[in-house]
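The values are calculated or read from the model by the stated rules, or taken from the named source; none is laboratory data. Note that the structure is a prediction, hence the values are computed from the model and not measured. No Cβ is skipped: glycine too gets one built from the backbone with ideal geometry, and neighbour counts run over all protein chains shown.
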Amino acid sequence: AESRLEEAEILFASQKYDAAVYLGGYAIELAIKAKICQVLKWPEFPPSLPPRADCKKIFDKLYSKDFVKTHNVVDLSNFLFCLSGTTTTMEIDKAGLRGEWTKFSTHWSEENRYEPIGSLTEPEARNNIEDIKKLLTFFL
């Protein structure tokens with residue numbers, strides 16, 4: 001995730017604003033998936049190893065719904081915090097990042113890669129990258 005943020009900053013410095021924000025968002029997705037792996041003790045996301053017998057039912061449900069293949073940061077984050085008995089909103093609020101999360105989670109999608117080049121201005125991209133840095137620190 002940190003590597004993707006570094007690459008996003010290089011793209012930003014090269015005035016590739018759309019690509020910078022897209023890659024920065026991907027860093028958030030990777031950070032959330034890494035945290036899920038840490039909590040569930042998975043070696044990778046999605047796990048390729050068969051699940052423990054006591055987890056097989058939920059594992060099969062996750063796979064049948066293609067959840068483990070999702071890029072939806074809201075779904076991933078909700079799943080992560082559900083595992084610890086809380087919610088994304090509660091944890092984001094505790095960290096004082098409600099504005100950053102709301103803006104990011106409503107505007108970033110893996111589909112952003114199809115947006116026309118030049119969709120974001122330099123100030124918009126700068127603000128997005130700053131929000132992504134704060135959120136990345138939160139999720140890591």
Report whether or not residue 85 is at positive phi, over 15 Å from the mean Cα position of the chain (by Cα) and modelled with pLDDT of 85 or more. no
Exactly one of 20, 34 is under 28 Å from residue 121 (Cα atoms), at pLDDT 80 or above and part of a helix (DSSP H, G or I), and that one is 20
Collect the residues in segment 19-44 that are under 20 Å from residue 72 (Cβ atoms) and among the charged types (D, E, K, R), keeping them in residue-number order. 29, 33, 35, 44
Of everything in segment 103-140, what is part of a helix (DSSP H, G or I), among the small types (Gly, Ala, Ser) and more than 19 Å from residue 80 (Cβ to Cβ)? Give them in sequence order. 125
So, in segment 83-127, exactly how many residues are without any contact (Cβ under 8 Å) to a residue 24 or more places away in the chain, under 18 Å from residue 5 (Cα atoms) and exposed (fewer than 12 other Cβ atoms within 10 Å of the Cβ)? 1
